[in-house]
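Following: one structure in structure tokens, then a few remarks.
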């Protein structure tokens, strides 16, 4: 089975979690959308995604991230509905339709988060499932729960009415105009270490439900780490899947992402995007009652953007967009860097050790994009030799690198033109190597043209 939305470039957008956690409101969604329309849409950023617990009226008022067993907003068919006090345009059963309409009117796309399963309160109240004679308690699996959120039970995929339940969810999303759906507690059901992919059957049901809805929707699966042995299944049923648990602004997490990207590099292709998670840039943490500027240094921020782009991860900004400073806006609006993400192909890690890493992807027409990373705590010269380079297709080059990584060379012997993409500067020609003096935890990104 092929996923029905051929998402041929990595999605680019904004997600509310890093800044607002579970507390996001209609006004906050729309002010971030307005900023995106004005400042980011011309560079390809287009998705506005409302993250978890938009159906919880008192979200954020408890001691933790979630209020255990909170009363949720729900319709008569066991489907969660926006909390009207937070999303006033949803009053009268309108759901997210009017918000989606406004966001579409800005030339953007609208996305929502949804937890795997069926609301516990629907199960306890035995509420109806649309287009069936069954009730929520008949399709629930009370032994399938989420470790970190109490809203849902899993769905028993063997039960009559289970597929109809998911169909009704996505029928409703389609009627609201939803373009992107992030399903949580499904990519890695980490409550069950012996069965971390126990959501397999529900993933398949969700795919069928999207297909039945008649509307194209990007399907994003969280949290990670995704299981590499399930790469084929993920690629058949989803567009994005997280290769990490929640990613935050810590250098150890960023450095470890090089290992994760290496693991998944062979599975990056149109319609299938291993996901490095949101970009914790700018002002984050407000919904956690600890607003702060990202803890990443500027060099670390550039390293993160460079890795996400060369690997071709989806790009989902995590900070409050209207609070961006000029530096953050510049990171998000470099057209040459974003082109590496949107139009490169065949990402491959050439080499990596504890101090440095080298990545490349195909830029087409005999050119390639080359990223040099300093992973050490000291200034360092990072070198990529070009000896023996032939004017062959980069697909052959990357295949050769994967087969013979110990050579650490790229196939050709001729001068190459080099363009510094971050600084948008022509660097002239080189013959034997591309080298850069890079600050601690920093990166350089080049286009190399034969």
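If we count other beta carbons within 10 Å of each Cβ, what is the order of 300, 84, 431, 326, fewest first?
The most exposed by this proxy come first: 326, 431, 84, 300.
Against the longest principal axis of the chain, how steep is helix 298-311, in degrees 0 to 90 to the nearest 10, with axes from Cα atoms? The answer is roughly 80 degrees. Spin-label pair residue 435-residue 85: with each label point 7 Å from Cα along the Cα-Cβ axis, the two points sit 6.4 nm from one another.
With viscosity set to 0.692 mPa s and temperature to 37 °C, compute the Stokes-Einstein D of the chain, Rh being the Kirkwood radius across alpha carbon pairs; µm²/s, no decimals.
144 µm²/s
Computed over the Cα atoms of region 1-78, pair by distinct pair, the Kirkwood hydrodynamic radius stands at 14.8 angstrom. With the simple spin-label model, which puts each label point 7 Å out from Cα in the Cβ direction, the residue 38 to residue 131 separation comes to 4.3 nm.
Normalised by 2.2 N^0.38 Å, where N is the number of residues, the alpha-carbon radius of gyration of region 154-258 equals 1.15.
Taking the number of Cβ atoms within 10 Å of each Cβ as an exposure proxy, the fewest-first ranking of 208, 312 is 208, 312. Calculated FRET efficiency, residue 94 to residue 30, Cβ-Cβ distance, R0 = 25 Å: about 0.95 to the nearest 0.05.
How big is the convex hull of the Cα atoms of region 1-141, per residue, in Å³?
150 Å³
Multiplying the sequence separation of residue 175 and residue 323 by 0.36 nm and subtracting their Cα-Cα distance, what value in nm do you get?
Extending this stretch completely gives an extra 50.0 nm.
Potential lengthening of the chain between residue 293 and residue 190 amounts to 34.1 nm, from the contour at 0.36 nm per residue minus the alpha-carbon distance. Computed from Cα atoms, the angle from the helix 251-264 axis to the main principal axis of the chain rounds to 90 degrees. Rounded to the nearest 500, the helix-only mean residue ellipticity at 222 nm of the chain stands at -8000 deg cm²/dmol, with each DSSP H run of n ≥ 4 adding -39,500 (n - 2.57). Between residue 76 and residue 377, the contour length at 0.36 nm per residue exceeds the alpha carbon distance by 102.6 nm.
Listed from fewest to most Cβ neighbours within 10 Å, the set 299, 156, 151, 252 follows the order 252, 299, 156, 151. Taking the Cα atoms only, what angle lies between the long axis of helix 394-403 and the longest principal axis of the chain, rounded to 10 degrees? Helix 394-403 sits roughly 90 degrees off the main axis of the chain.
The ellipsoid that matches the Cα gyration tensor of region 208-257 has semi-axes, each √(5λ) in whole angstrom, of 27, 13, 6, with the longest given first. Rounded to the nearest 0.05, the FRET efficiency derived from the C-beta distance between residue 414 and residue 200 at R0 = 45 Å is 0.35.
No lab work stands behind these numbers, since they all come straight from the coordinates. Worth saying up front: this structure is predicted, and the values here are computed from it rather than measured. Quick reminder, even Gly has a Cβ in these numbers, built from the backbone with ideal geometry, and neighbours come from all protein chains shown.
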